[in-house]
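The values are calculated or read from the model by the stated rules, or taken from the named source; none is laboratory data. If you're wondering where the values come from, they're calculated on a predicted model, not measured in any experiment. Cβ atoms come from the backbone with ideal geometry, glycine included; neighbour counts cover every protein chain shown. Side chains included, ligands, DNA and RNA excluded: accessible areas come from the protein's heavy atoms. Shrake-Rupley method; radii C 1.70, N 1.55, O 1.52, S 1.80 Å.
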Amino acid sequence: MPSPHPTQHPNRHRLWALLLGVLLLAGGATAYTLRAAAARPDPAAASPDTGFTLDSGTPGTLWFRDTATGRVARQDPGAPGRRVAHGPRCDRFHAAGGTALCLQLRPGVPARTYVLVLDRRLREVRRMSLPGIPNRARVSASGKVLAWTTFASGDSYATSAFATRTSILDLRTGYLIKNIEQIPLTLDGRRHHAPDVNYWGVTFAADDNRFYATVATRGRTHLVEGDLKKWAARTLKENVECPSLSPDGTRIAYKKKVSADPRAPWRLHVLDLGTLRDHPLADARSIDDQAAWTTPGTVAYAHEGAVWTVPADGTGSPRRLVPGASSPATPTR
């Protein structure tokens, strides 16, 4: 007996064929993603060479991330042009006081970051795995307190669609603050509560208790002064991002938003903490980095694939220190 609905069979066949094709495509995409993740070099695979330590440079030696290899490198001012890239592989790096902080982006989705604490011989003493993309790293001058920032979503401060996670680790006690967003915040003299609060770019004072950072909320950024013992923070000045405290603790180098153009929104400035007055630095380009003080009178920063330096008093002109580099630090200063 003929089927009462003879036209349904070819439709079912086509439907099954379509579903099979979708499954095959999805399986192929998944396999490709897994292969791609597996093919990425493991950042932890590159360990520092023997003899490459934080003590191996002379005072003033610049340490940085070598762009070509991803490894920590150094360049001695007494040997211009001579760079040695024998350190661990890091995506962000900073060092001071015999301690180094190395952030490594891990393969896979969602993004995760390995936070590696290294001793003066660049040997790993602690490792943590946290969500997000490596963004900022900072070690206090004593080497006892560390901070880092990861992007939890988004990938640029030039857009409003980003979220950060900023952590602080006290090596003296081993205490880890996974996210400082819960610190009581006083904004313009009033206690501030808001779901959109984001912190980034921590820099520490010499007492290893006070810190400065950027806080963003309601579309505005502010410089905050924090107190770890009192567990409190207060805003000092608006429109301050990625602060870096000078060696004498009197000035903050930072990036200031000077344009609504998302392609070039910032210019480096230096703020006097006593008067809260600032001045622009001689580099008029848009710098998206947390500067590092290489001397009491100069700052260094990454831009367009190189590390540059400029006088902190606003005079002079920018000078390229090292090509193919980022994350500058002077731990032997």
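Structure above, values below:
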{"read-out": "Qualifying positions in region 161-174 - under 19 Å from Ile133 (Cα atoms) and of a type in the set (Ser, Thr, Tyr)", "value": "Thr164, Thr166, Ser167"}
{"read-out": "Options Gly57, Gly87, Gly78, Gly108: the member that is within 25 Å of Gly201 (Cα to Cα) and not aliphatic (A, V, I, L, M)", "value": "Gly87"}
{"read-out": "Residue in region 272-282 that is at negative phi, open to solvent by 40 Å² or more (accessible area, probe 1.4 Å), touching a Gly at 6+ places or on another chain (Cβ under 7 Å) and not hydroxyl-bearing (Ser, Thr, Tyr) present", "value": "yes"}
{"read-out": "Count of region 235-271 residues which are among the polar types (S, T, N, Q) and open to solvent by less than 20 Å² (accessible area, probe 1.4 Å)", "value": "2"}
{"read-out": "Check on Thr203, without any contact (Cβ under 8 Å) to a residue 40 or more places away in the chain and of a type in the set (Ser, Thr, Tyr)", "value": "no"}
{"read-out": "Any hit, region 39-47, residues being within 19 Å of the chain's Cα centre (by Cα) and modelled with pLDDT under 95", "value": "yes"}
{"read-out": "Long-range neighbours under 7 Å by Cβ, at least six apart or interchain, first residue at pLDDT below 60 within region 143-157, second acidic (Asp, Glu)", "value": "Tyr157/Glu241; Tyr157/Asp288"}
{"read-out": "Among (1) open to solvent by 70 Å² or more (accessible area, probe 1.4 Å); (2) more than 23 Å from Pro280 (Cα to Cα) - the single one Gly174 does not satisfy", "value": "(1)"}
{"read-out": "All strands (runs of 3 or more DSSP E) inside region 175-266 with 2 or more residues being under 21 Å from the mean Cα position of the chain (by Cα) and either closer than 28 Å to Pro131 by Cβ or among the polar types (S, T, N, Q) (or both)", "value": "175-177, 198-204, 210-217, 220-227, 241-245, 251-257"}
{"read-out": "Among (1) more than 21 Å from the chain's Cα centre (by Cα); (2) at negative phi - the single one Gly316 does not satisfy", "value": "(2)"}
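For (1) within 28 Å of Ala79 (Cα to Cα); (2) free of Cβ contacts under 8 Å to residues at least 60 places away in the same chain; (3) polar (S, T, N, Q), each residue gets a yes or a no:
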{"site": "Ala233", "(1), (2), (3)": "no, yes, no"}
{"site": "Ala264", "(1), (2), (3)": "no, yes, no"}
{"site": "Asp278", "(1), (2), (3)": "no, yes, no"}
{"site": "Ala284", "(1), (2), (3)": "no, yes, no"}
{"site": "Thr294", "(1), (2), (3)": "yes, no, yes"}
{"site": "Arg319", "(1), (2), (3)": "yes, yes, no"}
